[in-house]
Amino acid sequence: MNAREIALKIINDVHTNDAYANVSLTRELRKHEVSDQDRRFVTELVYGCVKAGDSLDWILSQYINRPIKKIAPIIQDVLRLGIYQIFFMDKVPESAACNQSVELAKKYGHIGTVKFVNAVLRNAVRQPEKAVYPNGKGQATKYAALAYNHPEWLVKRWIKEFGYDMAVKLCEFNNTNAALSIRTNTLKTNRSDLMNILSAEQVECYESEWTPEGLVCQSHPAMDQIKSLTEGLFQVQDESSMLVAHVLDPQPGEFIIDTCSAPGGKTTHIAALMQNKGRVLATDIYEHKLKRVNENAERLGIQIIQTELLDATQIGDAYEQQADRVLVDAPCSGLGVLRRKPDARWKKSPALLVELPKLQIEILKSAAKAVKPGGVLVYSTCTIAKEENQTVVNLFLADHPEFELEKTGQFLPYAKQEITMVQLLPHIAGTDGFFIARMKRK
C-alpha cells in the first residue's frame, strides 16, 4: 500500500467514522512499514486535507455539477486528496496528483468514477482560476474563512472580537505546525541535564520562556524511540498547560484535588511541585482515562497520586471542605488548541458555547465546596471564548461571596503580571490558547 492510499484510508476514517486524525494516523502507520519520507508525506496529506476541510470542498464545487454529498464517500476523499495536492502542494507534480488519484479511483470505485475523477482533476489543472476565492465587497469574512481554512461562523466571531487583521493572524497561527513541548520531570532530573540527554537522543530543543521546567523541541525522532520518555525523565505537555500547576502553587504535604485530571499532565506536574509528598486526588468520569493517569504517574516515579472514578459535579459532596487546593481544568470547546487538532475546527459549533458554560459553572460550584477555608480554587480551560472563561468566573464569584479573585498573573513563574485573570491568545503568546483564574476561599 503506497503513501497516498494510506493517507486516503485515514482521511476517510476521519470523515466517515468521525475518527480523530492524529489517532487514526498513528494507528494506520503502525500497520505498514514506511520510510521516514513516506511517513512525512502521509502526515502532510492527512493533516493538510483534514485542516483544509470546507475550503477543499468549495474548490471542488467549482469543478463538479452535482452536490458533493451525492458522491460516494471514498471517492469524495479521493477527489479531496487530489485537489489538495494540486492547489496546496507545490512540490507534487500535477500529473502525479491526477494519475495517482485515478489509480485510487480504480481500486475503490468503478469505471464511471474513474472517468469522473480524471475529468474533475484534469479540469482543475487546466482552469485553476475557477478556484479563486471570492474577495469582493461584503466577502471579507468568507474570503478569510476559505483562504485560512476555518469555519465561517468562527472567523466571523473572531473578526468581531479581535478585528479583521488579528483574526487572520489567529487563523494563520492555527495553520502552523505545533512544536512538541515537554516538561522536565524534576523528581528525576533537571532541565539542563535533560537537554544533554535529549541531545544524545537526536532531539533538538530549547528552553521555554514560560516555565522553568519546559522545553520546546525543534526536531525529534518518533516518540517511541526516545528512551528518556519511557524512563520517565519528561512528560509531553504544552507550555501554557504547564502554567496551571504553578498558579495553583501546591505545597509538599497538602491534599490537592484535580477534578478533571486525565490524561494527567497537570496532575503529575502538581505532584512534582509537591516533591512527591502529600496527596493528590485525580478524578474523571472515564475508567480508561484514569488508567492513563496511573500509567503516567508510574512512569514518572510518582507515588502520591490516587485516582477515583467520580463525576466532577459531585466532588463537593464527596470531599466537602477537605482540600487545601482544587483544580478545575474544565471540559471546554478547545478553541485555543486548534493547531494541534486539524479536524477539531470542523467539529465545533456555536451551540457548544451555549451549552458548555452551564456544565463549567456546575463543576466549579461543586469543586468550590471541597475547598478548605483559606484554600485555593483554580479554574482553567484551553479555550479563548469569553463565555467559557471570564464570564464563568464572574458568574461564579457573584454567587459565591466567600471566594475572592486573586491576581492570577502574579503566580506565573515568569513574566508576572498585575492581572486578575490570565488569557493567553495563541497568535500573541505563541503557545496554545489558555485561560487561568485563581480564587481563594476567605
**Loop-located trypsin sites (Lys or Arg not before Pro) in segment 125-209 whose Cβ has at most 10 other Cβ within 10 Å (DSSP)** = Lys137
**Free-standing Cys residues across the chain, given no other cysteine C-beta under 4.7 angstrom** = Cys49, Cys98, Cys171, Cys260, Cys332, Cys382
**Message:** Quick one: 3J(HN,Hα) in Hz for segment 365-379, Karplus 6.51/-1.76/1.60 with θ = phi - 60°, rounded, Gly and Pro as x.
**Reply:** 5, 5, 4, 4, 5, 7, 7, 5, x, x, x, 10, 10, 10, 10
**Request:** Would you kindly derive the ³J(HN,Hα) couplings of segment 404-416 from the backbone phi angles with the Karplus curve 6.51 cos²θ - 1.76 cosθ + 1.60 (θ = phi - 60°), listing them in order in whole Hz, with x for Gly and Pro?
**Result:** 10, 7, 8, 7, 3, x, 6, 9, 5, x, 10, 6, 4
**Request:** Quick one: check the C-alpha center-to-center distance for segment 98-119 versus segment 193-254, whole angstrom.
**Result:** 46
**Fill in**
Taking r as the C-beta separation of Asp311 and Tyr206 and R0 as 41 Å, the FRET efficiency to the nearest 0.05 is 0.50
**Message:** I'd like the orientation of helix 287-300 relative to the chain: the angle between its Cα long axis and the longest Cα principal axis, in ° from 0 to 90, rounded to 10.
**Reply:** 70
**Total charge dipole magnitude, the chain, about the Cα centre, Cβ charges on Lys, Arg, Asp, Glu only, Debye to nearest 20** = 1320
**Request:** Compare the Cα positions of Gln100, Thr43, Asn17 along the charge dipole of segment 13-111 (+1 at Cβ of Lys, Arg; -1 at Cβ of Asp, Glu; about the Cα centre) and return the one farthest towards the positive end.
**Result:** Asn17
**Prompt:** Given Cys217, Trp346, Cys332, which one lies farthest toward the positive end of the charge dipole of segment 217-346, if we put +1 on the Cβ of every Lys and Arg and -1 on the Cβ of every Asp and Glu?
**Reply:** Cys217
**Prompt:** Whole-Hz Karplus ³J(HN,Hα) for segment 326-331, in order, using 6.51 cos²θ - 1.76 cosθ + 1.60 and θ = phi - 60°, x for Gly and Pro?
**Reply:** 10, 10, 10, 8, 6, x
**Cross-link partners of Lys107 among aspartates and glutamates (Cα-Cα below 18 Å; sequence separation of 8 or more within a chain)** = Glu5, Asp13, Asp77
**Asked** How do Asp224, Asp258 rank by accessible surface area computed with a 1.4 Å probe, from largest to smallest?
**Response** Asp224, Asp258
**Message:** Can you give me the angle between helix 36-61 and the longest principal axis of the chain, using Cα atoms only, in degrees from 0 to 90, rounded to the nearest 10?
**Reply:** 70
**Prompt:** Measuring from label point to label point, each 7 Å out along Cα→Cβ, what is the Thr26 to Lys386 span in nm?
**Reply:** 3.7
**Asked** Once amide H atoms are built 1.01 Å from N in the peptide plane, which residues 5 or more positions from Leu180, or in another chain, come under 5 Å H to H?
**Response** Cys217
**Request:** In debye, nearest 20, what is the charge dipole magnitude of segment 267-391 about its Cα centre with +1 on Lys and Arg Cβ and -1 on Asp and Glu Cβ, if you could check?
**Result:** 480
**Fill in**
Between Cys217 and Ala178, the two model label points (7 Å from Cα along the beta-carbon direction) sit apart by a distance in nm of 1.4
**Message:** At a 10 angstrom cut-off on C-beta neighbours, averaged per residue, how do the peptides 200-208, 270-278, 342-350 rank from highest to lowest?
**Reply:** 270-278, 342-350, 200-208
**Rounded to the nearest 20 debye, dipole of segment 328-442 from Cβ charges on Lys, Arg, Asp, Glu** = 220
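For the pair Asn65 and Arg279, what calculated FRET efficiency results from E = 1/(1 + (r/R0)^6), where r is the Cβ-Cβ distance and R0 = 45 Å, to the nearest 0.05?
The formula returns an efficiency of 0.10 here.
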**DSSP-loop chymotrypsin sites (Phe, Trp or Tyr not before Pro) across segment 228-314, with at most 15 other Cβ within 10 angstrom** = Tyr286
**Fill in**
The helix 152-162 Cα axis meets the longest alpha-carbon principal axis of the chain at an angle in degrees, between 0 and 90 and rounded to 10, of 50
**Complete:** Rounded to whole Å, √(5λ) for the Cα gyration tensor eigenvalues of segment 28-82, largest first, gives 27, 12, 8
**Asked** What are the chymotrypsin sites (Phe, Trp or Tyr not before Pro) within segment 373-437 that DSSP puts in a loop, where the Cβ has at most 12 other Cβ atoms within 10 Å?
**Response** Tyr414
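When the gyration tensor of the chain is built from Cα positions, what are the square roots of 5 times its three eigenvalues, in whole Å, from largest to smallest?
Working: eigenvalues 364, 132, 73 Å².
Gyration-tensor ellipsoid for the chain: 43, 26, 19 Å.
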**Request:** Would you pull out the residues with amide H under 5 Å of Thr307's amide H, same chain only if 5 or more places away, H placed 1.01 Å from N?
**Result:** Ala282
**Fill in**
If unit charges are put on Cβ atoms (+1 for Lys and Arg, -1 for Asp and Glu) and the dipole of the chain is taken about its Cα centre, the option from Leu229, Leu425, Ser208 lying farthest towards the positive end turns out to be Leu425
**Asked** What FRET efficiency do you get for Arg292 and Val125 if R0 is 41 Å and r is their Cβ-Cβ distance, rounded to the nearest 0.05?
**Response** 0.35
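The values are calculated or read from the model by the stated rules, or taken from the named source; none is laboratory data. All of these numbers come straight from a predicted model, not from anything done at the bench. Here Cβ is always computed from backbone atoms with ideal geometry, including for glycine, and neighbour counts include all displayed protein chains. These area figures cover heavy atoms from the full protein model, side chains too; ligands, DNA and RNA do not enter into them. Shrake-Rupley method; radii C 1.70, N 1.55, O 1.52, S 1.80 Å.
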